[in-house]
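Peer 1: Below: one structure in structure tokens.
The values are calculated or read from the model by the stated rules, or taken from the named source; none is laboratory data. Please read these numbers as outputs of a predicted model, since none were measured by experiment. FYI the Cβ positions are ideal-geometry reconstructions off the backbone, even for glycines, and counts take in every protein chain you see.
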Amino acid sequence: MSNKRILGAALVLLTTLTGCGKKENAPAGGTGAAPVEKPVFAVNTTTSVAGQISDYIALSGDIVAGTSVDAYSDAAGKITRVYVRAGNRVARGDPIAAVDPSKPGMNYIESVVRAPIGGTVIALPAQVGMTISQAVPLARIGGTGLETRVYVAERFISKVALNQPCDIILDAYPGDTFRGSVKEISPTVDPTSRTMEVRINVSNIESRLKAGMFAKVRIITETKEGVVKIPASAVITRFGETYLFTLNTDPDDPAFQTARKTVVTPGILVDGVLEVREGLEPDSEIVVKGQTLLDDGARVRVIEKTQPLK
């Protein structure tokens, strides 16, 4: 074979091998390494708000008359007539019952028992035909004012003070909240129950409240204005760190949003609402659902944005 033929065959073989090497190393598409797609996490969000938050002690008790006075007869004898019923309102001096002090062979004028104060008849043990003495009360008259009596556990005593505002909720009026304030605090603690009696004034302008009603009471122990509030479910605590995730536009692709880990300092927690003392501004969009799967900088897609707290 001539030298020219040998040289030509060598060039063809080199060209073939070089072409094969380029095809093996060429990436798909011929434009460089294929980009790795970042995962996108579905989340629900809401907005942090500035507002008021109040801490309270939740208690229960009974609505009772603020003052009550028993009506007694001046004479022993038999009750011949009862002028009132339980629940009736009476003025001072109104007749309650008539008592006949007569004895066999001796006739006396009936003695009329009158209301010692104005108010409502809250108990009426007097019955026609009963024989009573001067020591037996015929009726109990409750004053016009009402109050709630509750018992505070010993561990909360330091949080209770006179004139603290209170919210009173009754099953009889669902959705309504009545206002009151701490009127009186017992100077002693019951050694058996380890509780302290507290009396609370109740506003009863429309006379809807009745003595004997069961009441749920909130004694407001602390109120803060202008604090940043968020749903407590948004916060994550791990490895001694408390944080949440806020949303920002992805700098690499404005079509996406990213989650940014934000360390916060929590404050008062009341009914699932958390005060944020440091680390978060009002009107920040925060993740409230799906945040447990996120890392700092993760891409997210907002599925639902819930209404901010009131």
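Peer 1: So residue 137 ticks every box in (1) over 20 Å from residue 86 (Cβ atoms); (2) touching a Phe, Trp or Tyr at 6+ places or on another chain (Cβ under 7 Å) but one. Which box is left unticked?
Peer 2: (1)
Peer 1: Would you please name the residue that is farthest from residue 148 (Cα to Cα), looking only at residues in region 207-257 that are polar (S, T, N, Q) and in contact (Cβ under 8 Å) with a residue 60 or more places away in the chain?
Peer 2: Narrowing region 207-257 to residues polar (S, T, N, Q): 207, 221, 223, 233, 237, 242, 246, 248-249, 257.
Next, from what is left, pick out any that are in contact (Cβ under 8 Å) with a residue 60 or more places away in the chain: 221, 223.
Working: 221: 17, 223: 22 Å.
Among them, the one singled out is 223.
Peer 1: I want to confirm something. Restricting to region 73-108 and keeping residues that are touching a Ser or Thr at 6+ places or on another chain (Cβ under 9 Å) and hydroxyl-bearing (Ser, Thr, Tyr), which single residue is surrounded by the fewest Cβ atoms within 10 Å (Cβ to Cβ)?
Peer 2: Step by step, filter region 73-108, then rank; the result is 108.
Peer 1: If residue 180 meets every condition in (1) surrounded by fewer than 16 Cβ atoms within 10 Å (Cβ to Cβ); (2) closer than 30 Å to residue 222 by Cα apart from one, which number is that one?
Peer 2: Failing condition for residue 180: (1).
Peer 1: Here is a follow-up. Which members of region 146-192 meet the condition of being in contact with a Leu (Cβ under 8 Å, 6 or more places away or on another chain) and of a type in the set (Phe, Trp, Tyr)?
Peer 2: 151, 178
Peer 1: Please go through region 271-310 and pick out each residue that is hydrophobic (A, V, I, L, M, F, W, C), farther than 16 Å from residue 50 by Cβ and outside any loop (DSSP other than H, G, I, E, B).
Peer 2: Applying the first criterion (hydrophobic (A, V, I, L, M, F, W, C)) to region 271-310 yields 273-274, 276, 280, 286-288, 293-294, 298, 300, 302-303, 309.
Now restrict to residues that are farther than 16 Å from residue 50 by Cβ: 287-288, 293-294, 298, 300, 302-303.
Hits for region 271-310 are 287, 288, 293, 300, 302, 303.
Peer 1: Does at least one position in region 57-70 carry a residue that is over 22 Å from residue 146 (Cα atoms) and surrounded by 15 or more Cβ atoms within 10 Å (Cβ to Cβ)?
Peer 2: Going residue by residue through region 57-70, those that are over 22 Å from residue 146 (Cα atoms) are none.
So far as region 57-70 goes, no, none of its residues is over 22 Å from residue 146 (Cα atoms) and surrounded by 15 or more Cβ atoms within 10 Å (Cβ to Cβ).
Peer 1: Okay, moving on. Can you list the strands (runs of 3 or more DSSP E) found entirely within region 73-123 that contain at least 1 residues being farther than 19 Å from residue 136 by Cα?
Peer 2: Details: elements: 77-82, 95-100, 111-114, 119-123.
It comes to 119-123.
Peer 1: Would you mind finding the one in 105, 87, 145, 175 that is within 20 Å of residue 216 (Cβ to Cβ) and at pLDDT below 90?
Peer 2: Numbers: 105 fails: within 20 Å of residue 216 (Cβ to Cβ); 87 fails: within 20 Å of residue 216 (Cβ to Cβ); 145 fails: within 20 Å of residue 216 (Cβ to Cβ).
Exactly one residue qualifies, and that residue is 175.
Peer 1: May I pose another question? Among residues belonging to region 42-69 that are of a type in the set (Ser, Thr, Tyr) and part of a loop (DSSP other than H, G, I, E, B), point out the one that is nearest to residue 217 (Cα to Cα). Please lay out each step first, then the result.
Peer 2: Let us first name the residues in region 42-69 that are of a type in the set (Ser, Thr, Tyr), namely 45-48, 54, 56, 60, 67-68.
If we keep only those that are part of a loop (DSSP other than H, G, I, E, B) too, we end up with 48, 67.
Working: 48: 29, 67: 20 Å.
Filtering region 42-69 for residues that are of a type in the set (Ser, Thr, Tyr) and part of a loop (DSSP other than H, G, I, E, B), the one nearest to residue 217 (Cα to Cα) comes out as 67.
Peer 1: Say we look at region 109-133 and pick out the residues that are closer than 10 Å to residue 71 by Cα and surrounded by fewer than 18 Cβ atoms within 10 Å (Cβ to Cβ); which of these is nearest to the chain's Cα centre (by Cα)?
Peer 2: Filtering first and then ranking leaves 117.
Peer 1: Right, another one. Could you list all residues from region 199-234 that are surrounded by 20 or more Cβ atoms within 10 Å (Cβ to Cβ), within 18 Å of the chain's Cα centre (by Cα) and not small (Gly, Ala, Ser)?
Peer 2: 217, 219, 228, 229, 230, listed by residue number.
Peer 1: Here's a follow-up. Mind checking which residues of region 247-260 are within 15 Å of residue 44 (Cα to Cα) and either among the aliphatic types (A, V, I, L, M) or within 26 Å of the chain's Cα centre (by Cα) (or both)?
Peer 2: The answer is 247, 259.
Peer 1: Could you identify the single residue in 152, 136 that is at pLDDT below 95 and of a type in the set (Val, Ile, Thr)? Even if it seems obvious, please write down each step before you answer.
Peer 2: Working: 152 fails: at pLDDT below 95.
136 is the lone residue from the list that is at pLDDT below 95 and of a type in the set (Val, Ile, Thr).
Peer 1: Taking the conditions exactly as written (assigned to a helix (DSSP H, G or I) and either aliphatic (A, V, I, L, M) or touching a Pro at 6+ places or on another chain (Cβ under 6 Å) (or both)), does residue 157 satisfy them or not? Can you show your working first?
Peer 2: Numbers: assigned to a helix (DSSP H, G or I): yes; either aliphatic (A, V, I, L, M) or touching a Pro at 6+ places or on another chain (Cβ under 6 Å) (or both): yes.
Yes; evaluated as a whole, the condition is true for this residue.
Peer 1: If we only count strands (runs of 3 or more DSSP E) wholly inside region 165-245, which ones have 1 or more residues that are β-branched (Val, Ile, Thr) and under 27 Å from residue 308 (Cα atoms)?
Peer 2: Numbers: elements: 165-170, 178-185, 195-202, 214-231, 236-238.
Once the strands (runs of 3 or more DSSP E) in region 165-245 are filtered for at least 1 residues that are β-branched (Val, Ile, Thr) and under 27 Å from residue 308 (Cα atoms), what remains is 165-170, 214-231, 236-238.
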